[in-house]
Amino acid sequence: MGKPMADETDFYATYSGHKAYGTPTLSAKNVRRFDREFWYPAQCSPALSVLEVGCGTGQFLLYLKEKGVGDFLGIDRDEALAAHVPAAVAENFRAEDVRRFLDKNTDGRTFDRVVMFDVLEHFTPEDGVRLLKSLAGVLAPGGKVLVRVPNMASPWGAVYQYGDLTHRAAYTPDSMRQLARAAGFGCVRCYAQIRGSRSRRFLDGGFHAILGKVLMTPPEIWSANFHALLELGDR
């Protein structure tokens, strides 16, 4: 994530306190969620290598270890996170700015999957394009990039987008496709983040079905956050 100009307030200086960092655990519910959001859509397998940009306290890294992935790495610019990353995946964590990490990748290390959960919105669109172009250099042939961002096409996305003052860009599925194309990627698909119990998801779907018949311009995706799966080349 980029550093602010000298005359700007540095909200990252108090970020760890705002987010109340703690060491994560991994429950069966967490595994099912990551399966649904990452493993199956990204067609992952234990044999593939994974880079997580903006890995936070490392819950997704725990998940990768649980799934048997042997080659994975998480990076995040906040050095305060190192004290909270679980010991089981501490050796897979690196406190480093993503741009510095990519600039130092002189040994040509590549990854089959790059994951960015709640990261792209922290960059301006222009910096987001530059980041994706840089990540293309560490993608193995046939590699994919999976991102999750607040969904500003949905009435429910604002609470995530504006709940963090470090956010610099807002996305809809259409603008995500535009960003991907500008960076030389194609957007394979955009899909909802599915949360809550089965009964709540059923009621949520019914409510949105009714709203969709009432509104003149219902959103493509209703969920407050959405995922996008990107591949190199136009789509």
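We did not get these values from a lab; they are worked out from the coordinates using the rules stated. Since the model is a prediction, treat every value here as computed from it, not as a measurement. Counting neighbours? That spans all protein chains shown, and the Cβs are built from the backbone with ideal geometry, glycine included.
Of the strands (runs of 3 or more DSSP E) contained entirely in region 61-131, those carrying at least 1 residues that are in contact with a Ser or Thr (Cβ under 9 Å, 6 or more places away or on another chain) and surrounded by fewer than 21 Cβ atoms within 10 Å (Cβ to Cβ) fall at 72-76. Each residue in region 23-60 was checked for being of a type in the set (S, T, Y), surrounded by fewer than 15 Cβ atoms within 10 Å (Cβ to Cβ) and either within 22 Å of A90 (Cα to Cα) or over 16 Å from the mean Cα position of the chain (by Cα) (or both), and 4 of them qualify. Within the set L48, L26, the sole residue that is of a type in the set (A, V, I, L, M), in a loop (DSSP other than H, G, I, E, B) and more than 21 Å from K144 (Cβ to Cβ) turns out to be L26. Of D174, D204, all but one fail to be touching a residue at least 40 places away in the same chain (Cβ under 8 Å) and over 24 Å from E52 (Cβ atoms); the exception is D174.
Just to be sure before I move on: is P24 in contact (Cβ under 8 Å) with a residue 24 or more places away in the chain and in contact with a Gly (Cβ under 8 Å, 6 or more places away or on another chain) in the structure I sent? Answer is yes for this residue.
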